[in-house]
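Below: one structure, written as structure tokens.
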Amino acid sequence: MEISFAGKRVLVTGAGQGIGRELAKKLVSCGATVTALSKTENYLKTLKDECPPIKIVAADVGSSEIRAILRQHGPFDCLVNNAALAILEPVLETKEESFDLLFNVNVKGVFVVSQEVARMMVDNKIQGSIVNISSQASKCALRDHLAYCASKSAVDMMSKVMALELGAHGIRVNCVNPTVVLTAMGRLGWSDPAKAGPLLQRIPLNRFAEVEEVVNVVLFLLSDKASMVNAVEIPIDGGFLSV
């Protein structure tokens, strides 16, 4: 199945590395005009070197300036909310600062970016698509993940409300919920067999996800091939949540 984004303007947040970076490059190869947003300018510069057609924007989705920045670069036909933080602390040691920071980026950031992009879609009569990168952690309690699990659960429900209200404008909103993804950081963080082993045992496919496996699902949800898919949460977890 070939997917084309010719003539489509796509915003990808958290595009400096990992899933967002590979997704941005793949979208360009499918014909999209891509705006890659990240708070880390060095990552964006190397992305631009690898893929010159990409437009880069250095900005933090949790900043007070993000609305004005989005207005300068929009409108967009598609949005991927990929920017997120993970701070792992046990329940009794979770700091209020950590909790606030995760919710500011993982939840409020998704809300603000989605609201501004959706407003531009409505103003320009664009029947667009929004995909939010959630996590299997939104559905399953994980040790040391109090704030992270809570933030991703909030993303799931927020996405459903967006889908409900924006559907009248022809705007679809969906989530993907990956297990551990083997980005550079994922490989480093889960390289210890003692840590990875118990989680792998709960995954019927007995492995973690590759970046491309997440990118491919996001591409489908963004595309016109998924024109009747709305308000779903797609696990990319090898069966972890289903058995």
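Answer yes or no: is there a residue in segment 86-93 that is surrounded by fewer than 21 Cβ atoms within 10 Å (Cβ to Cβ), of a type in the set (Gly, Ala, Ser) and either more than 22 Å from residue 170 (Cβ to Cβ) or over 18 Å from the mean Cα position of the chain (by Cα) (or both).
To start, the set of residues in segment 86-93 that are surrounded by fewer than 21 Cβ atoms within 10 Å (Cβ to Cβ) comprises 86-93.
Right, trim to of a type in the set (Gly, Ala, Ser) and you get 86.
Next cut, either more than 22 Å from residue 170 (Cβ to Cβ) or over 18 Å from the mean Cα position of the chain (by Cα) (or both) only: 86.
Taking every residue of segment 86-93 in turn, at least one turns out to be surrounded by fewer than 21 Cβ atoms within 10 Å (Cβ to Cβ), of a type in the set (Gly, Ala, Ser) and either more than 22 Å from residue 170 (Cβ to Cβ) or over 18 Å from the mean Cα position of the chain (by Cα) (or both).
Of all the residues that make up segment 23-68, how many are aliphatic (A, V, I, L, M), assigned to a helix (DSSP H, G or I) and under 19 Å from the mean Cα position of the chain (by Cα)? Before the answer, list the steps.
Applying the first criterion (aliphatic (A, V, I, L, M)) to segment 23-68 yields 23-24, 27-28, 32, 34, 36-37, 44, 47, 54, 56-59, 61, 66, 68.
Still in the running and assigned to a helix (DSSP H, G or I): 23-24, 27-28, 44, 47, 66, 68.
Filter once more, so that each one left must be under 19 Å from the mean Cα position of the chain (by Cα): 23-24, 27-28, 44, 47, 66.
Selection size over segment 23-68: 7.
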Check your understanding: Looking only at segment 9-56, which residues are over 21 Å from residue 178 (Cα atoms) and of a type in the set (D, E, K, R)?
Key -> 9, 39, 41, 45, 48, 49, 50, 55
Exercise for review: Consider residue 36 carefully, then state whether it is in contact with a Cys (Cβ under 8 Å, 6 or more places away or on another chain) and at negative phi.
Suggested key: no
Exercise for review: Select from segment 178-197 the residues that are in contact (Cβ under 8 Å) with a residue 40 or more places away in the chain and surrounded by 19 or more Cβ atoms within 10 Å (Cβ to Cβ) and write down the one among them that is nearest to the chain's Cα centre (by Cα).
Suggested key: 178
Revision key, fill the gap. Being within 20 Å of residue 18 (Cβ to Cβ) and either surrounded by 23 or more Cβ atoms within 10 Å (Cβ to Cβ) or in contact (Cβ under 8 Å) with a residue 60 or more places away in the chain (or both) narrows 149, 175 down to just 175
Practice item. Working only within segment 115-156, note down all residues that are in a helix (DSSP H, G or I), small (Gly, Ala, Ser) and within 19 Å of residue 178 (Cβ to Cβ). Key: 137, 138, 147, 150, 151, 153, 154
Point to revise | Meets criteria (free of Cβ contacts under 8 Å to residues at least 40 places away in the same chain, surrounded by 17 or more Cβ atoms within 10 Å (Cβ to Cβ) and either assigned to a strand (DSSP E or B) or small (Gly, Ala, Ser) (or both)) for residue 163 | key: no
Exercise for review: Mind counting the residues in segment 1-22 that are assigned to a helix (DSSP H, G or I) and among the acidic types (Asp, Glu)?
Suggested key: 1
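So which of 118, 137, 141, 84 is closer than 28 Å to residue 210 by Cβ and in contact (Cβ under 8 Å) with a residue 40 or more places away in the chain?
Numbers: 118 fails: closer than 28 Å to residue 210 by Cβ; 137 fails: in contact (Cβ under 8 Å) with a residue 40 or more places away in the chain; 141 fails: in contact (Cβ under 8 Å) with a residue 40 or more places away in the chain.
Among 118, 137, 141, 84, only 84 is closer than 28 Å to residue 210 by Cβ and in contact (Cβ under 8 Å) with a residue 40 or more places away in the chain.
Every read-out reported here was derived from the displayed coordinates using simple, explicitly stated rules and does not represent laboratory data. Every value quoted in this text rests on a predicted model; they were computed, and no experiment measured them. Ideal geometry is used to build each Cβ from the backbone, glycine not excepted, and the neighbour counts take in all protein chains shown.
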